[in-house]
């Protein structure tokens, strides 16, 4: 069964539009999302705290009962937060401080030493580590050498080309997934996944263990309701 981890960044964005203590209640949203069936909560705090704040991560750790997945660029402040909070999973993403959203996987060859040291440190805190990776099977060996537990396939390209040729869109992900499984790596996926393209990805990518979905799920929930939407996304993964 592929797990659904719901990224609640966009709920924090809505809250922040009216101040720290405004609605919606981020912690209650996380509780409800778990109650509605999600197997994890994902957050991606950025240095400017424009959506998820570092204190949100601290508070979420005390109430999340499934798995807390904290994504981000492993700056010293981010790593210190992970040392304090010790989430179940840390996903390393190479986004610039001013990035609107994540837009590329790691150059795992050029950053081999940095990633190896960072992975080792995070694992020493008891965190499972995943590295954000472009769909390219030639990168898997270098990713495995960092000591990471998993890779998360960056699915923006899949989502972009799915409407025109879904078989061609998914093929690089199938190839990379097979290489990851052969290398003994766990496999996650995320970015621009939605109710239209999720089921096909889940069917076609071998070894997929978890997807992280935020923007589309929260947008759908505005029309369909949060409980119904979580259930609809889970259904796509079956």
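The values are calculated or read from the model by the stated rules, or taken from the named source; none is laboratory data. Values in this document were obtained by computation on a predicted structure and should not be read as measured data. Neighbour counts are summed over all protein chains in view; Cβ atoms, including those assigned to glycine, are modelled from backbone coordinates with ideal geometry.
Brief remarks follow.
- Helices (runs of 4 or more DSSP H) contained entirely in the stretch 166-238, each with at least 3 residues that are at positive phi and modelled with pLDDT of 95 or more: none
- Residue match in the stretch 65-76 (condition: at pLDDT 95 or above and over 21 Å from residue 120 (Cα atoms)): yes
- Hey, residue 144 at pLDDT 95 or above and farther than 18 Å from residue 180 by Cβ or not: no
- Where residue 209 falls short, out of the listed (1) surrounded by fewer than 23 Cβ atoms within 10 Å (Cβ to Cβ); (2) in contact (Cβ under 8 Å) with a residue 40 or more places away in the chain; (3) in contact with a helix residue (DSSP H, G or I) (Cβ under 7 Å, 6 or more places away or on another chain); (4) over 14 Å from residue 90 (Cα atoms): (3)
- Residue within the stretch 183-205 that is crowded, with 19+ Cβ neighbours inside 10 Å, touching a residue at least 60 places away in the same chain (Cβ under 8 Å) and touching a helix residue (DSSP H, G or I) at 6+ places or on another chain (Cβ under 6 Å) present: yes
Conditions tested, residue by residue: (1) in contact with a strand residue (DSSP E or B) (Cβ under 9 Å, 6 or more places away or on another chain); (2) over 21 Å from residue 190 (Cβ atoms); (3) surrounded by fewer than 16 Cβ atoms within 10 Å (Cβ to Cβ).
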residue: 6; (1), (2), (3): yes, no, no
residue: 11; (1), (2), (3): no, no, no
residue: 18; (1), (2), (3): no, yes, yes
residue: 41; (1), (2), (3): yes, no, no
residue: 50; (1), (2), (3): no, no, yes
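- Looking at the stretch 99-165, the helices (runs of 4 or more DSSP H) lying wholly inside it that each contain 1 or more residues that are under 16 Å from the mean Cα position of the chain (by Cα) sit at 156-161.
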